[in-house]
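Remarks on the structure that follows.
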Amino acid sequence: QVQVVESGGGLVQPGGSLRLSCVASGSIFSIYRMGWYRQAPGKQRELVASTTSGSSTNYANSVKGRFTISRDNANNTVYLQMSSLKPEDTAVYYCNVECKLRVSGPRYSYWGQGTQVTVSS
């Protein structure tokens, strides 16, 4: 019913930048929240940044001042601009979308397949 597709990952040197994109499509009535999570090998998935329909944002302490989340509501798209990347930012980055499929229905949570970000010289 709902598809979430990320793009923009890759290999970048320390100090470099990358921009991730995530598009949600399908039978969506409204999107409440869109967020980026990451999971490094051997670690739990963690929240990186999120943004709500009211434009409030939330960042992990480890990325504050380096990453910026933004949202294009008209196109159900969320971006993550990553700057001053560090080797410890290496992980698979996942997009999460919380949305309603009808006006009176519950919220559902959907995940993308993930995109690899590798920070290495």
Report summary line: Residue count, region 50-84, condition touching a residue at least 60 places away in the same chain (Cβ under 8 Å) and of a type in the set (A, V, I, L, M, F, W, C), comes to 2
Query raised in the report: Is there a residue in region 1-9 that is within 13 Å of residue 118 (Cα to Cα), in contact (Cβ under 8 Å) with a residue 60 or more places away in the chain and open to solvent by less than 60 Å² (accessible area, probe 1.4 Å)?
Result: yes
Report task. Could you tell me which numbered condition residue 30 fails, if it satisfies all but one of (1) at pLDDT below 95; (2) farther than 20 Å from residue 110 by Cβ? Result -> (2)
Report summary line: Checking 80, 85, 20 in turn, the sole residue that is open to solvent by less than 50 Å² (accessible area, probe 1.4 Å) and not in a strand (DSSP E or B) turns out to be 85
Report task. Take region 88-103 and flag every residue that is in contact with a strand residue (DSSP E or B) (Cβ under 9 Å, 6 or more places away or on another chain) and either surrounded by fewer than 20 Cβ atoms within 10 Å (Cβ to Cβ) or more than 30 Å from residue 14 (Cβ to Cβ) (or both). Result -> 88, 90, 92, 97, 98, 99, 100, 101, 103
**Report entry** Number of the exception - residue 47 against (1) within 21 Å of residue 107 (Cβ to Cβ); (2) of a type outside the set (Ser, Thr, Tyr); (3) open to solvent by 60 Å² or more (accessible area, probe 1.4 Å)
**Finding:** (3)
Report task. Considering (1) at pLDDT 95 or above; (2) more than 26 Å from residue 1 (Cβ to Cβ), say which one residue 114 fails and leave the rest. Result -> (2)
Query raised in the report: Within region 95-116, which residues are assigned to a loop (DSSP other than H, G, I, E, B) and either free of Cβ contacts under 8 Å to residues at least 60 places away in the same chain or hydrophobic (A, V, I, L, M, F, W, C) (or both)?
Result: 101, 103, 104, 106
**Report entry** Subset of region 59-75 (residues that are assigned to a helix (DSSP H, G or I), surrounded by 10 or more Cβ atoms within 10 Å (Cβ to Cβ) and over 14 Å from the mean Cα position of the chain (by Cα))
**Finding:** 62, 73, 75
Requested in this report: Return yes when residue 36 is surrounded by 15 or more Cβ atoms within 10 Å (Cβ to Cβ) and under 15 Å from the mean Cα position of the chain (by Cα) and no when it is not.
Outcome: yes
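The values are calculated or read from the model by the stated rules, or taken from the named source; none is laboratory data. Computed from a prediction, not measured in an experiment: that's the story for all the values here. When we count neighbours, we look across all protein chains shown, and the Cβ atoms used for this are built from the backbone with ideal geometry, even at glycine. Please note that ligands, DNA and RNA were not included when accessible areas were found on the heavy atoms of the full protein model with its side chains. Shrake-Rupley method; radii C 1.70, N 1.55, O 1.52, S 1.80 Å.
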